[in-house]
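One structure is given below, encoded as structure tokens.
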Amino acid sequence: MKKTTKALALVLSLMLLMSVVSITAMADGSAEPSKLTYWRALDTSKETVMFTNWADSELAKWIAEATNCDVTFVHPPAGQESEKFNLMIASFDLTDIIERDLSNTSNYPGGVDKAVSDGVIITLNDAWDNGLVPNLKAYFDAHPEWLPQLITDQGNITNFPFIREDDILLTSWGPQIRIDWLEELNIGFDENNLPSTIDDWDTVLRAFKDSGKVEYPLLCVSLNSLGDGSALPGAYGVGWEYYLDEEGNVQYGPTQDAFKDYLAQIKTWIADGLINPDWQANLNTAQLRQNILSDNAAMYFSNLGGGMGTWYDYKNAELGTKSEPANPEGFRSYALPWPTLEKGETSRFGNSALHVASFCAFITTACEDVEGACRYMDFGYSEEGKEMFNYGKEGVSFNYINYEDMNSPVDLSAFGDKFPRWSDAILADPDHAVAEACSLYIRAHSSGPFPQDEGYLVQFMKYADQLKTIETWNGSSDYSGSLMPRLYFTTEESEELASLETDIDTYKDETLTKFLTGVSDLNDDTWADFQKGLKTMGIEKCLEIRNAAVQRAYERGGK
């Protein structure tokens, strides 16, 4: 790792003057590779099964060759990502590139603009204007409607973002049910008539419990999982934390009286043994998977790739049918609609996302080879780079076929006879689920500095139940109304939010846990005291700051 105090403008000017020479040297193979350092956390549910350093993946090797870069990767130990990141920032012993969500003020107080003013990261504005990131610029020239999600309120372009290019990619997580068990109950529900209201959930949970099929039918992995995606509080018209109301104003779920009704329902389910007693334990991905594959859960929240797809792979492997994309015998997980209170309603909540994600990569002020770092990071937005991040390399991890041979319910006609179909290296790895095998060759199944393509999804979601699940989730939610635009905060706002929200979050979590476990009564008086406490701790100031940021987002065209 390196430290530098060189002025960015001077560096970019020199790099621009040398760009023609650099490109010529790269073309004839005479250029020395750019040496870079890159900090990023590995995905413990997919990547660490295959390698301990991303440099050992085929994809990392291909990108290094394509960009003429020699990259040393630094990976924090699992569970220590925040600690190691904070130590790196505090010591100012920076890698050249950092991959992390810095717009999240809990990751970096003050957000990305503060990281710029603190001298941690550089802006890409000069690189953008002077041709050092031609592919990134061309991509947003072709998608100008997404540019407001990239540019901060201060006009800074700071990062190489992860982009969900197609609408179908915006939803990947939600409530699921063991549909095979549901149909065995014979209580009037099946895949054509799914439980859709809170009353339906109550009926089905109690039926599962009474059947003896499972002791605790609803699996929750943490306090926050009770509100993930605002799936359950959303039925009552409120979010788990911050959300937009129907007038476009920011609200905070626990300040709304309807949130008390939601809590009362969850408290009843816990008391009646319908939710696992270790719901406060912060179960990890492996523990969630173990519970589901061991038939210890009938309803749960999870994603489709590393969740449903991986479970099906494991079950099919047990049956000796791993390479066949068929729903496994004796195990079917299926989508549940985002619940509402009344039949026929559409939830305003659910799991969705902006096209331009906040998780992205930055070049730090420690980087002495900005041109090389830009070249390396810009590659993902080229046609070659996009294909590589999503599919790998032709003849190794994919081969071109005609799109019609995919027989997909998704319209893939734009691919023509150039649909990059994954090979058996991914689809038929004898020792790993597809979500794991992918990690050697692509990053589309996770995230990174590139546009994610829908052609990846129709292969990753190789089981019919997965694509049907997306249809169910998308068809039962109009999340666009409650989805926040990309928010950027001033340094002062970020510091105030960080100061206030740390204590508010702790107070909220502790109080809700006491309500749900019965340590504290949940009644009108205790609820009023809780809301008074939120006000005393500054929740109204937090709402004021966030509403101001939303208005700025609207003004820059952010939604």
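Just so you know, all these numbers are worked out from the coordinates, no wet-lab data involved. Here the structure is a predicted model, which means the values were calculated and not measured. Every residue, glycine as well, gets a Cβ built from its backbone with ideal geometry; the counts of neighbours run over all protein chains shown.
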Legend entry - Helix-only [θ]222 nm of the chain, DSSP H runs n ≥ 4, -39500 (n - 2.57) each, per residue, nearest 500: -12000 deg cm²/dmol
Legend entry - 0 to 90° range, to nearest 10: angle between helix 58-67 axis and the chain longest Cα axis: 30
Legend entry - Helix 8-27 axis, angle to the chain major axis (alpha carbon atoms, nearest 10°): 80
Legend entry - Dipole moment magnitude, nearest 20 debye, region 49-150 about Cα centre, only Lys, Arg, Asp, Glu C-beta charged: 140
Legend entry - Mean separation of Cα contacts under 8 Å (6+ apart) over length of the chain, as relative contact order %: 24
Legend entry - Residue-by-residue Karplus 3J(HN,Hα) for region 178-195, coefficients 6.51, -1.76, 1.60, Hz, glycine and proline x: 6, 5, 5, 5, 4, 5, 5, 5, 6, 10, x, 10, 7, 5, 9, 9, 8, x
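Pairs of alpha-carbon atoms within less than 8 angstrom and 6+ residues apart define the contacts here; what relative contact order does region 402-450 have, in percent? Write out the running numbers ahead of the final one.
On the way: 25 pairs, mean separation 11.1, N = 49.
In percent, rounded to a whole number, it is 23.
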Inset, instruction - Enter the angle in degrees (range 0 to 90, nearest 10) between the Cα long axis of helix 198-211 and the first principal axis of the Cα atoms of the chain, meaning the one along which they spread out most. - result: 70
Inset, instruction - Go through (i) 84, 60, 48; (ii) 83, 56, 47; (iii) 74, 59, 38 and flag the label whose value is the computed Cα extents along the principal axes in Å for this structure. - result: (iii)
Inset, instruction - Only Lys, Arg, Asp and Glu count, each charged at its Cβ (+1, +1, -1, -1), so figure out the dipole size of the chain about its Cα centre, rounded to 20 debye. - result: 700
Legend entry - Unsatisfied cross-links (Cα-Cα over 20 Å) in the set 209/462; 213/514; 267/514; 260/535; 508/541; 35/61: 209/462; 213/514
Inset, instruction - On each of the three principal axes of the Cα atoms of region 491-555, give max minus min coordinate, whole Å, ordered largest first. - result: 45, 20, 17
Inset, instruction - Round to the nearest 0.05 the FRET efficiency obtained for residue 193 and residue 406 when R0 = 45 Å and r is the Cβ-Cβ distance. - result: 0.90
Inset, instruction - Using amide H atoms built 1.01 Å from N in the peptide plane, name the residues 5+ places from residue 121, or on other chains, whose amide H lies under 5 Å from its own. - result: 116, 365
Legend entry - Within region 260-400: Cβ-based charge dipole about Cα centre, in debye rounded to nearest 20 (Lys, Arg +1; Asp, Glu -1): 540
Legend entry - Table column - 3J(HN,Hα) (Hz), region 438-444, Karplus curve with 6.51, -1.76, 1.60, x for Gly and Pro: 3, 4, 6, 10, 9, 10, 5
Inset, instruction - Treat each spin label as a single point 7 Å out from the Cα along the C-beta direction, and report the residue 257 to residue 524 distance in nm. - result: 0.9
Legend entry - Using θ = phi - 60° and Karplus 6.51 cos²θ - 1.76 cosθ + 1.60, couplings along region 79-87 (whole Hz; Gly, Pro as x): x, 10, 4, 5, 4, 5, 5, 4, 5
Inset, instruction - Calculate, in nm to one decimal, what residue 464 and residue 425 gain on full extension: separation in residues at 0.36 nm each, minus their alpha carbon distance. - result: 11.9 nm
Legend entry - Rel. contact order, % - alpha carbon contacts under 8 angstrom, at least six apart, region 491-555: 47
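Residues with beta-carbon under 14 Å from that of residue 544, excluding residue 544: net charge, scoring Lys, Arg +1 and Asp, Glu -1? Numbers along the way, then the final one.
Details: positive: 535, 541, 546, 552; negative: 492, 493, 496, 501, 540.
Residues close to residue 544 contribute a combined charge of -1.
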Inset, instruction - Neighbouring Cβ atoms within 10 Å as the yardstick, rank 393, 535, 35 fewest first. - result: 535, 35, 393
Legend entry - Protection proxy ranking of 472-479, 166-173 - average other beta-carbon atoms within 10 Å, highest first: 472-479, 166-173
Inset, instruction - Restricting things to alpha carbons, find the Rg to Rh ratio for region 75-152 using the Kirkwood radius for Rh. - result: 1.02
Inset, instruction - Could you sort 57-68, 230-241 so that the peptide with the highest average Cβ count within 10 Å comes first and the rest follow in order? - result: 230-241, 57-68
